[in-house]
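Notes for the one structure printed next.
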Amino acid sequence: MGILQKWGRKRMTQGAIAAREQGETTYVHRLASSSQQIQDRYTAVIESEGWKLAGIHEDPSRPKQRWVMTFKRAGEASESTAQPSEHA
């Protein structure tokens, strides 16, 4: 991985790492770009830090950071989507 790629990855993950270390259960990341390729790249990198994408939506009130990506902690995201177990 080149120097610029390492720097870019570090910039993408700073907020996610800080939120995880502070014990947060939700992390919100804002992007200016509507490019699916860029959103996918951010999603992959942030998910590699233990988060799971919960949703993405557009916020027109913030044109410089229009796209809002909401992540949940990976363990909690799977618990909230898990089916309740049947009791015998």
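Is it the case that Gly55 is in a strand (DSSP E or B) and either out of contact with any strand residue (DSSP E or B) (no Cβ under 9 Å at 6 or more places or on another chain) or surrounded by fewer than 16 Cβ atoms within 10 Å (Cβ to Cβ) (or both)? Judged against the criteria, Gly55 is a match. Among residues that are closer than 21 Å to Arg66 by Cα, at pLDDT below 85 and of a type outside the set (Gly, Ala, Ser), Met12 is included.
Scanning the stretch 8-23 for residues that are of a type outside the set (Lys, Arg) and without any contact (Cβ under 8 Å) to a residue 40 or more places away in the chain gives Gly8, Met12, Thr13, Gln14, Gly15, Ile17, Ala18, Ala19, Glu21, Gln22, Gly23. Residues of the stretch 27-48 that are under 9 Å from the mean Cα position of the chain (by Cα) and not in a helix (DSSP H, G or I): Tyr27, Val28, His29.
The values are calculated or read from the model by the stated rules, or taken from the named source; none is laboratory data. Computed from a prediction, not measured in an experiment: that's the story for all the values here. Quick reminder, even Gly has a Cβ in these numbers, built from the backbone with ideal geometry, and neighbours come from all protein chains shown.
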